[in-house]
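Q: So that we are looking at the same thing, I have put the structure below in structure tokens.
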Amino acid sequence: MADEIILLDFWPSMFGMKVRIALAEKGLKNEYRDEDLFNKGPLLLEMNPIHKKIPVLIHNGKPICESQIIVQYIDEVWKDKSPLLPSDPYHRAQARFWADYIDKKLHLLGKMLWRTKGEEQEANKKEYIECLKLLEGELGDKPYFGGENFGFVDVNLMPYFSWLYVFEIAANFSIEAECPKLITWAKRCMEKESVSTSLPDRQKLYDFFLQLKKWHGIE
Ligand code: GS8
């Protein structure tokens with residue numbers, strides 16, 4: 001019997017984008033359901049009663065929550081096609097470390113960028129760029145973070161590049177000159193159909209961002 005895969009998601013979510021990319025990399029057909037996070041549906045509340053957050057992957061009726069855990073689950077269950085995590089335990093630990101760093105550090109700094117102003121924003125911008133430079137150092141001269149093939153860290157970082165355009169406009173800066181290798185890497189990833197079809201249109205994301213600012217009462 002074919003697997004039934006349902007993804008509870010919200011289109012601008014960086015966490016959801018990771019899962020979308022992983023599913024696409026593995027070539028897995030799934031039913032995508034966009035959730036209204038202001039009025040959460042009964043299925044989301046039933047499938048993720050602890051956090052009540054998207055993304056949730058429902059595989060043959062069983063829920064898996066938390067994006068990092070979902071991507072690793074997808075990689076373990078459908079291990080024959082496009083492996084995402086390296087097979088060597090040490091390299092696997094390293095990949096998990098960077099994915100965790102991206103989630104904790106870049107996510108927080110990204111939020112701080114547009115929620116602050118003036119000197120505070122400048123300091124956040126500096127830290128954000130330093131963080132990206134650190135990641136650029138980790139990439140080195142490799143085509144992808146994992147080496148020759150698109151892998152776990154790439155899946156985790158690409159959604160942030162989707163939002164980078166928004167952050168650059170919001171905080172009036174550009175990282176092209178600061179991190180040229182990272183930009184080349186992002187363009188390389190975007191050439192993959194699994195990535196380009198999983199990420200939203202930049203302008204649509206920017207329009208959503210303007211709405212988000214209004215909700216937060218930020219001018
Ligand atoms: C974070 C998911 C999350 O924040 C993961 O899956 O990696 N650690 C989790 N989801 C948000 C939408 S994206 O910003 C969410 O569902 N928020 C609803 C809420 O907080 O009520």
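Every number here is computed from the coordinates shown, using simple stated rules; none is lab data. From a predicted model like this one, the values you see are computed outputs, not experimental measurements. For neighbour counting, all protein chains shown are included, and Cβ atoms are generated from backbone atoms with ideal geometry for every residue, glycine included.
Q: Near Glu219, within a Cβ-to-Cβ distance under 12 Å, what is the net charge of the other residues, with Lys and Arg +1 and Asp and Glu -1?
A: Taking every other residue near Glu219 into account, the sum is +4.
Q: How charged is the neighbourhood of Ser174? Take every other residue with its Cβ under 13 Å from the Cβ of Ser174, and add Lys/Arg as +1 and Asp/Glu as -1. Let's see the in-between values first.
A: Working: positive: Lys125; negative: Glu168, Glu176, Glu178.
Here the count lands on -2.
Q: Largest first and in whole Å, give the semi-axes of the chain's equivalent ellipsoid, each being the square root of 5 times a Cα gyration tensor eigenvalue.
A: Ellipsoid semi-axes (Å, largest first): 28, 23, 14.
Q: In a Gaussian network model over the chain where Cα atoms closer than 10 Å are linked, find which of Tyr90, Tyr128, Tyr206 has the largest mean-square fluctuation.
A: Sorting by GNM fluctuation, first place goes to Tyr90.
Q: Quick one: 3J(HN,Hα) in Hz for region 8-23, Karplus 6.51/-1.76/1.60 with θ = phi - 60°, rounded, Gly and Pro as x.
A: 8, 8, 9, 3, x, 6, 5, 5, x, 4, 4, 5, 4, 5, 4, 4
Q: Summing -39500 (n - 2.57) over the DSSP H runs of n ≥ 4 in the chain and dividing by its residue number, what mean residue ellipticity at 222 nm do you reach, to the nearest 500 deg cm²/dmol?
A: After summing the helix terms and dividing by residue count, I get -17500 deg cm²/dmol.
Q: For region 66-118, just the Cα set please: Rg and Dmax, both in angstrom.
A: 14.9, 50
Q: What list of ³J(HN,Hα) values in whole Hz, one per residue of region 45-52 in order, does the Karplus curve 6.51 cos²θ - 1.76 cosθ + 1.60 (θ = phi - 60°) give from phi, with Gly and Pro shown as x?
A: 5, 6, 7, 10, x, 6, 9, 6
Q: For region 1-111, what's the radius of gyration and Dmax over Cα atoms, in angstrom?
A: For region 1-111, the Cα-based Rg and Dmax read 14.3, 44 Å.
Q: Determine the percent antiparallel among the DSSP beta bridges restricted to the chain, to the nearest 5.
A: 70 percent
Q: In addition: Each residue of region 107-114 in turn: what ³J(HN,Hα) in whole Hz from Karplus with 6.51, -1.76, 1.60 and θ = phi - 60°, glycine and Pro shown as x?
A: Once θ is set to phi - 60°, the couplings for region 107-114 become 5, 5, 5, x, 4, 5, 4, 9 Hz.
Q: A further question on this structure: Anything over 31 Å Cα to Cα? Flag those among Lys53/Lys213; Lys81/Lys213; Lys26/Lys204; Lys62/Lys213, in the order listed.
A: Result: Lys81/Lys213; Lys62/Lys213 exceed 31 Å.
Q: Separate question: Have a look at Thr116, Phe173, Gly146 and report the one farthest towards the positive end of the charge dipole of the chain, computed about the Cα centre with Cβ charges (Lys/Arg +1, Asp/Glu -1).
A: Farthest along the dipole direction, towards plus: Thr116.
Q: Just grab the label-to-label distance for Asp80 and Gln203, each label 7 Å out from Cα along the Cβ direction, in nm (one decimal).
A: 4.3 nm
Q: Moving on. Note down, for region 89-215, the three equivalent ellipsoid semi-axes (square root of 5 times each alpha carbon gyration tensor eigenvalue), biggest first, whole angstrom.
A: That gives 25, 17, 13 Å for the three semi-axes.
Q: OK, next. Positive end of the dipole of the chain, charges at C-beta (+1 Lys, Arg; -1 Asp, Glu), about the Cα centre: which of Trp98, Gly16, Leu135 has its Cα farthest in that direction?
A: Going by the Cα projections, it comes out as Gly16.
Q: Same structure again: Within a Cβ distance under 9 Å of Ile21, other residues only, what is the Lys/Arg minus Asp/Glu net charge?
A: It works out to a net charge of +1.
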